[in-house]
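Notes for the one structure printed next.
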Amino acid sequence: MKWFDTKESDSFAKTIVAELTERIPPQGLDFSEGKKAVEKLTKTHSSICNKTAQFAQLHALNIYQKASFGNTFKWALKEAGYPQDFIDAWTQEIVTIVSVKPGKSGK
């Protein structure tokens, strides 16, 4: 039954969405501020991707858990009020990170 246990992966998905929402709220996606806004998004993206990669290394998720993780992440972004293009891009990136196994170097 552990195969269907998604509690930990779903909790992590909600945690990284909470971090994203705190750092860059949906209303904060205005890039008219220029370079500063882009730098903030880049740093946030890097931080969340690194945390996701670390989570993926520590937790060998099966296909069901990966799907649940992606679904939880996507719906949490939607509920937070992010635009659909933003949701789709981030979800694809995060699910890819969780799905791809690191090589021997661990990268």
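Looking only at segment 61-85, which residues are aromatic (Phe, Trp, Tyr) and surrounded by 18 or more Cβ atoms within 10 Å (Cβ to Cβ)?
Here is the first cut: in segment 61-85, the ones aromatic (Phe, Trp, Tyr) are 64, 69, 73, 75, 82.
Passing the criteria: 69, 73, 82.
Among residues of segment 11-25 being more than 10 Å from the chain's Cα centre (by Cα) and farther than 14 Å from residue 47 by Cβ, the one that is modelled with the highest pLDDT is 11.
Take residue 89 and tell me if it is in contact with an Asp or Glu (Cβ under 8 Å, 6 or more places away or on another chain) and either part of a helix (DSSP H, G or I) or surrounded by 16 or more Cβ atoms within 10 Å (Cβ to Cβ) (or both). No; evaluated as a whole, the condition is false for this residue. Among the residues of segment 1-60, which ones are among the β-branched types (Val, Ile, Thr) and exposed (fewer than 12 other Cβ atoms within 10 Å of the Cβ)? Answer for segment 1-60, where residues must be among the β-branched types (Val, Ile, Thr) and exposed (fewer than 12 other Cβ atoms within 10 Å of the Cβ): 38, 42.
The values are calculated or read from the model by the stated rules, or taken from the named source; none is laboratory data. Only a predicted model underlies this, so the values are computations on that prediction, with no experimental measurement involved. Please note: Cβ atoms are built from the backbone with ideal geometry, for glycine as well, and neighbour counts cover all protein chains shown.
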